[in-house]
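The values are calculated or read from the model by the stated rules, or taken from the named source; none is laboratory data. As the structure is a computational prediction, the values presented were derived from the model and not from experiment. Cβ placement follows ideal geometry from the backbone for every residue including glycine, while neighbour counts extend to all protein chains displayed.
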Amino acid sequence: MAAYIVAQLDVKNTNWQKEYGPKAGALVQKHGGKILAGAGGALERLEGNRALPSVLFLLEFPSLEQAKAWYNDPEYVPMMHLRQTGADAHILVVEGVVSRLLPEGDPSCSRS
């Protein structure tokens, strides 16, 4: 079952981004992941009053194990430290589920 990383960043400076972006992206791919949303994408509040992050990334991985393997990859540790020099982050992982609210056979419930 797919898993998703939701990373909310409050960017303090951008000095780290040029090095971080390509290396972190390559590690996402190494673990079978892809970036679904990220820097430059529109971010709009629909509900609530919590401060919006500077940027939000949404990554998709084939499984929870692969998502965690990306985050815990020893090659990612220096990238994490680099990111932390210029941004505060809240990073979550969530396992995808097939909705139980939609009728059986609904195409939006497919596991593909």
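Scanning region 70-112 for residues that are within 13 Å of ILE5 (Cβ to Cβ) and among the acidic types (Asp, Glu), we see that the one that is modelled with the lowest pLDDT is GLU95. Annotation note: of ALA3, ALA67, ALA37, ALA51, the sole residue that is in contact with an Asp or Glu (Cβ under 9 Å, 6 or more places away or on another chain) and at pLDDT below 95 is ALA51.
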